[in-house]
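The values are calculated or read from the model by the stated rules, or taken from the named source; none is laboratory data. Computed from a prediction, not measured in an experiment: that's the story for all the values here. Every residue, glycine among them, receives a Cβ derived from its backbone with ideal geometry; neighbour counts consider all protein chains shown.
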Amino acid sequence: MQISFKTKKLGATLNDIRLLERSYGSTCGRKIARRMAVLAAASSLADVPTTPPERRHQLSGDRDEQFSVDAEHPYRLIFEVANDPMPRLADGGIDLRKVTAIKILAVKDYH
């Protein structure tokens with residue numbers, strides 16, 4: 001899957017294990033690196049597991065068209081679909097099988 005980032009700094013951090021560990025701690029940094037590897041290896045968003053440890057899920061409310069995967073509690077890797085136009089199902093939902101590009105927005109606790 002193609003991965004882009006909201007900011008250059010976020011991209012640099014998420015692509016460097018030393019910066020990840022410095023920013024989020026050793027354990028959480030390694031988990032974030034593993035989630036990034038799973039996202040990069042997936043051919044579409046449908047290939048990212050919905051079960052732990054990744055637990056891909058769509059957010060709700062004002063983050064309705066965003067998704068996240070678990071890092072280390074309470075942190076989550078938050079991203080949105082970067083395909084243009086956004087692939088839709090007949091019912092208006094997002095067609096996860098056609099999502100081949102995402103944009104990482106943040107790593108944070110949104111609860």
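Of the residues A101, A42, only one is surrounded by fewer than 18 Cβ atoms within 10 Å (Cβ to Cβ) and touching a residue at least 40 places away in the same chain (Cβ under 8 Å); which? Spell out the reasoning first.
Working: A42 fails: surrounded by fewer than 18 Cβ atoms within 10 Å (Cβ to Cβ).
Answer to the selection: A101.
Which residue, of R30, R34, R22, R18, is over 20 Å from D109 (Cβ atoms), basic (K, R), modelled with pLDDT of 95 or more and in a helix (DSSP H, G or I)?
Only one candidate qualifies: R18.
Would you call R56 more than 15 Å from F5 (Cα to Cα) and surrounded by 14 or more Cβ atoms within 10 Å (Cβ to Cβ)? It would help to see each step written out before you state the result.
Numbers: more than 15 Å from F5 (Cα to Cα): yes; surrounded by 14 or more Cβ atoms within 10 Å (Cβ to Cβ): yes.
Here the answer is yes, as R56 does meet what is asked.
Any residue in segment 45-56 that is within 12 Å of the chain's Cα centre (by Cα) and assigned to a strand (DSSP E or B)?
There is no residue in segment 45-56 that is within 12 Å of the chain's Cα centre (by Cα) and assigned to a strand (DSSP E or B).
Residue check, A106 against (1) in contact (Cβ under 8 Å) with a residue 24 or more places away in the chain; (2) closer than 21 Å to Q2 by Cβ; (3) in a loop (DSSP other than H, G, I, E, B), all met but one. Which one?
Failing condition for A106: (3).
Does segment 4-15 include one or more residues that are under 23 Å from G93 (Cα atoms), not in a helix (DSSP H, G or I) and not aromatic (F, W, Y)?
Start the filter on segment 4-15 by keeping residues that are under 23 Å from G93 (Cα atoms), which leaves 4.
With the extra rule that they be not in a helix (DSSP H, G or I), the set shrinks to 4.
Narrowing the set further to residues that are not aromatic (F, W, Y) leaves 4.
Checked against the condition, which is being under 23 Å from G93 (Cα atoms), not in a helix (DSSP H, G or I) and not aromatic (F, W, Y), segment 4-15 yields at least one hit.
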